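J.: Structure provided below as structure tokens; questions to follow.
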Amino acid sequence: MAHSHSRATENYSPLYFLASLGAGGITVTFFMFLMFWVPHPGRPVPVFEDIAPAFATGGLPLQAAIAIAAIGIAVFAFLNVKSLIWNLSALSAMRKTDAYAALRSTNAESTLLAMPLALAMTVNAMFIVGLVFVPGLWSIVEYLFPMAMIAFAAIAYIALRDIGRFLGRVLAKGGVFDVTAHNSFAQLLPAFAVSMTAVGFAAPAAMSTAPATVGVSLVLSTILGTIAILYTLLAATSAIGSMLQHGTAREAGPTLMIIVPIVTVLGIMFLRQNHGLHTTLDVHAADGETMIFLTRLLAIQVAFLLLGWVVLRSQRYFDDFVLGTQTSPGSYALVCPAVALSVMLHFFLNKGLVAAGLVTKFGVAYWSVSALAIIAQIVAIALVVRLNRQHFGRPATGGAVPAE
């Protein structure tokens, strides 16, 4: 992944797992092309058997979209796994150093949750790769769902174990947690990790036809999703006071927008659960209600995107850490909001506006909203390319900023 003398190697932080996360997220944005533009009757998601005929018989625009999606999924799934392997190796080496012991004694211990977060994203990305490129996968999918839930259970255990160690340390006695360094949303990373396992657990609810599988999926995803929501509310509320008093930590500024991917992930979890409730338990939600629900989620995202933009622009963050020569591992947190906004716009358009009958599919208004989603996707891709060059190329002038 990295040159042996790259900045990422010389100044490693668990936050570099966000590089893997971002690549996995972009994989999902390309899958949205197939999800909503390729017909897949009788299945909740498109599979190879839907995609191949659509490419063979579709018009040039559809063929181009399928080709772009397939290439994008392959490239960024590869980057996702490659970065994950590099990070796991780097973290393993870091555990043997004094720097790791120091990390475990500060607020930055929560950055270790980037590892299970990236692991959960990789499981999701690999499932997408299987759907798109493996013929006949859907015929054995009912056997894959329990395996996937076992994988997510293992990842959830890692996340909750690390959260427990962190909270056990800082809540057992006073004075351990540095409140003055809590002036960002960096402590929402654990909630993001738990929410990613929750959405993974919710997938069988939307896709399985086995009541037992759907039931386990609904219950466990609800438990993890609720924990993620509680953690998000508590961590965000406690951080606001510190930010008002001390200002936002400049190198952690991108975390102000971490609410955006959390909302997208939990929103997809709720949609998957609703689908399972509809198909298996005969509980129905009106399309108009879903549209309003997605609109509210999108409003939350817009609010925090604007908040983050205002602060980052005031601090001239982009000038130094994205367009300039300085590096901070936390810069990769900028990819997540762009990915999350792109995915949310696709769902808002297709599961909200189109399903409710407010927008005609493939009409002018449809492509106008789709264009916004694609713009956000392009921003995410540009950020990954730029940041990878900065962090994993040879060091140039300008120092790296250690993670908080």
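All of the numbers you see were taken from the coordinates with simple rules; none came from a lab. Computed from a predicted structure; not experimentally measured. Here the Cβ positions follow ideal geometry from the backbone for every residue, glycine too, while neighbour counts run over all protein chains shown.
J.: Within the range 252-317, report the chymotrypsin sites (Phe, Trp or Tyr not before Pro) that DSSP leaves as loop and that have at most 16 other Cβ atoms within 10 Å.
T.: Counting only loop positions with at most 16 other Cβ atoms within 10 Å, none of the chymotrypsin sites (Phe, Trp or Tyr not before Pro) in the range 252-317 qualifies.
J.: Further question: Through the Karplus equation 6.51 cos²θ - 1.76 cosθ + 1.60, θ set to phi - 60°, convert the phi angles of the range 250-262 into ³J(HN,Hα) values in whole Hz; use x for Gly and Pro.
T.: Coupling constants for the range 250-262: 4, 5, 9, x, x, 5, 4, 9, 5, 4, 4, x, 4 Hz.
J.: Is any residue of the range 170-189 close enough, with backbone N under 17 Å, to a label point placed 7 angstrom from the Cα of Leu244 along the Cα-Cβ axis, and if so, which?
T.: Answer for this model: 179-185.
J.: For the residues Phe201, Phe321, what sequence is obtained by ranking on other C-beta atoms within 10 Å, fewest first?
T.: Lowest count first: Phe321, Phe201.
J.: Name the long-range amide H neighbours of Val359: under 5 Å, sequence gap of 5 or more, or other chain; modelled H, no Pro or chain starts.
T.: For Val359, whose amide H was placed from the backbone, the distant partners under 5 Å are Val354.
J.: Ignoring trypsin sites (Lys or Arg not before Pro) that are buried or in helix or strand per DSSP, and keeping those with at most 16 other beta carbon atoms within 10 Å, what is the longest stretch of the chain between them?
T.: 174-315
J.: Same structure, new question: From the backbone phi of the range 55-68, what are the Karplus-calculated ³J(HN,Hα) couplings (6.51 cos²θ - 1.76 cosθ + 1.60, θ = phi - 60°) in whole Hz, Gly and Pro given as x?
T.: My calculation for the range 55-68 gives 5, 6, 10, x, x, 4, x, 5, 4, 5, 5, 5, 5, 4 Hz in order.
J.: Calculate one ³J(HN,Hα) per residue across the range 375-380 by plugging θ = phi - 60° into the Karplus curve 6.51 cos²θ - 1.76 cosθ + 1.60, and present them in order as whole Hz with x for glycine and proline.
T.: My calculation for the range 375-380 gives 4, 4, 5, 5, 4, 4 Hz in order.
J.: Classify the range 80-130 as rounded, prolate or oblate, taking a ≥ b ≥ c as the square roots of the eigenvalues of its Cα gyration tensor: rounded when a/c is under 1.5, otherwise prolate if a/b is larger than b/c and oblate if not.
T.: It comes out oblate by the Cα gyration axes.
J.: 5 Å is the cut-off here: which amide hydrogens, built 1.01 Å from N in the peptide plane, fall below it relative to Gly393, excluding neighbours closer than 5 in sequence?
T.: Arg7
J.: Specify whether the C-alpha gyration tensor of the chain places it in the rounded, prolate or oblate class, a ≥ b ≥ c being the square roots of the eigenvalues: rounded for a/c under 1.5, otherwise prolate if a/b is larger than b/c and oblate if not.
T.: Verdict is prolate for the chain.
J.: To continue, here is another question. Alpha carbon centre of the range 30-105 versus the range 293-332: separation in Å?
T.: 24 Å
J.: Here is a follow-up. Run the numbers on the chain and let me know its relative contact order in percent, using alpha-carbon pairs under 8 Å that are six or more apart.
T.: The normalised contact order for the chain reaches 22 percent.
J.: Calculate the dipole size of the range 1-119 relative to its Cα centre from +1 charges on Lys and Arg beta carbons and -1 charges on Asp and Glu beta carbons; express the result in debye to the nearest 20.
T.: 220 debye
J.: Next question, about the same structure. Leaving out same-chain residues fewer than 8 places away, which lysines sit with a Cα under 17 Å from that of Lys361?
T.: Straight-distance partners of Lys361: Lys351.
J.: Nearest 10 degrees is fine. How inclined is helix 287-314 to the longest principal axis of the chain, computing both from alpha carbons?
T.: Value to nearest ten degrees: 30.
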